[in-house]
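What follows is one structure encoded as structure tokens, with my remarks underneath.
The values are calculated or read from the model by the stated rules, or taken from the named source; none is laboratory data. On a predicted model such as this, the values are computed, not experimentally measured, just so you know. Every residue, glycine as well, gets a Cβ built from its backbone with ideal geometry; the counts of neighbours run over all protein chains shown. Side chains included, ligands, DNA and RNA excluded: accessible areas come from the protein's heavy atoms. Shrake-Rupley method; radii C 1.70, N 1.55, O 1.52, S 1.80 Å.
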Amino acid sequence: MNQSLHQYNPFKRMLFGFAFSPSLESNLHEVVRLAEFFDSELILLHVGEKTEEKQKKVSSIVAATAAPSRVIEYHWIPGDPYTTLLDSTESLSIDLLVLGAVQHESLFRFYVGSVARKLTRSVKCSVLLLIKPAVERVACKHVVVSGFKTSTLPNTLFQAFYSAQCLGANKATVVEEIANKSVKVSIDDDRSLIRSLRKKRVLEAEEDRRVAELIDQLPAALTDSISIQKQAIFGKRGYSIGHYAEVTRADLLVMDAPVKTSLLSRVITRDIEFILSDLPSDLLICRAK
């Protein structure tokens, strides 16, 4: 166990909300493995009645995982899944909520909102959405991180690089999404095209310096042995980084938590909503506690 790394652990207590679905076994293997990598305590919660048969099934799967001792508690709570999980993250002092997620949501589910989507907006801890859990580990090689300028970006970079180190990733790309309107040059001839290209290069350089300064402030244990790249992308926020993560076949995408939005703004696709409706990879949504 890497004590020099784990002293920075932001995920000391993890909660996994599980259902008795066909992916139960792979989900449990995946989340127990994550708890071992992150050096975390793991609590398992099922929203529903406890039966001897259900407890036996879950216990037998956990016993076959790589680190069954990571599971410290089982909770069985009947009720509404959203309210139960939301309340439990607070009452159990959870740092990271882990949920299974559907990779591609239908238009209907996008507007109505799934439990996972609602929780990402409401919980006060970080959330990890898993789209392809596996019994046998699939290595995490490339982590893509949103470098969009927010007040909480230092915390997001901290959690992103901690995760990358724990998962053994050898590459991390910090994506700086820049709105096309930032260029503010109308292109109607060769000269205006050149001005536009120059403006883009200036913006890219400014973004690179900003992100580099934040990365330099991270503990060395979080950045050692990882090849760090910075990538500026001009386009619509959320859509651009999601497309980049998909094209580069990222294993994990890390973003800031979305701010709470009104019913009206939900109709207008924005920021992280692009990602949640069409997940390109596992998604870590970071919040500072």
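Restricting attention to region 220-232, the residues being within 16 Å of L203 (Cβ to Cβ) and surrounded by fewer than 16 Cβ atoms within 10 Å (Cβ to Cβ) number 0. Among the residues of region 143-159, are any under 30 Å from F18 (Cβ atoms), surrounded by fewer than 22 Cβ atoms within 10 Å (Cβ to Cβ) and either modelled with pLDDT of 95 or more or among the basic types (K, R) (or both)? Yes, region 143-159 has at least one match. Counting only helices (runs of 4 or more DSSP H) that sit wholly inside region 1-107, those with at least 3 residues that are surrounded by 18 or more Cβ atoms within 10 Å (Cβ to Cβ) and touching a residue at least 24 places away in the same chain (Cβ under 8 Å) are 24-38, 52-63, 81-91. Cβ separations smaller than 7 Å between residues 6+ apart or across chains give the following pairs from region 201-224 residues that are within 12 Å of I178 (Cα to Cα) and touching a residue at least 12 places away in the same chain (Cβ under 8 Å) to residues that are open to solvent by 40 Å² or more (accessible area, probe 1.4 Å) and assigned to a helix (DSSP H, G or I): L203/S182.
Among the residues of region 170-197, those identified as at pLDDT 85 or above and more than 24 Å from P258 (Cβ to Cβ) are N170, K171. Does region 208-215 include one or more residues that are at pLDDT 95 or above and surrounded by fewer than 14 Cβ atoms within 10 Å (Cβ to Cβ)? The answer is yes, given that some residue of region 208-215 is at pLDDT 95 or above and surrounded by fewer than 14 Cβ atoms within 10 Å (Cβ to Cβ). A search for C-beta distances below 8 Å between a residue of region 116-136 that is part of a helix (DSSP H, G or I) and any residue that is among the polar types (S, T, N, Q) and open to solvent by 20 Å² or more (accessible area, probe 1.4 Å), counting only pairs 6+ apart in sequence or on different chains, returns R121/T261. Only one entry in Y82, Y74, Y8 is under 24 Å from V123 (Cβ atoms) and more than 23 Å from the chain's Cα centre (by Cα), namely Y74.
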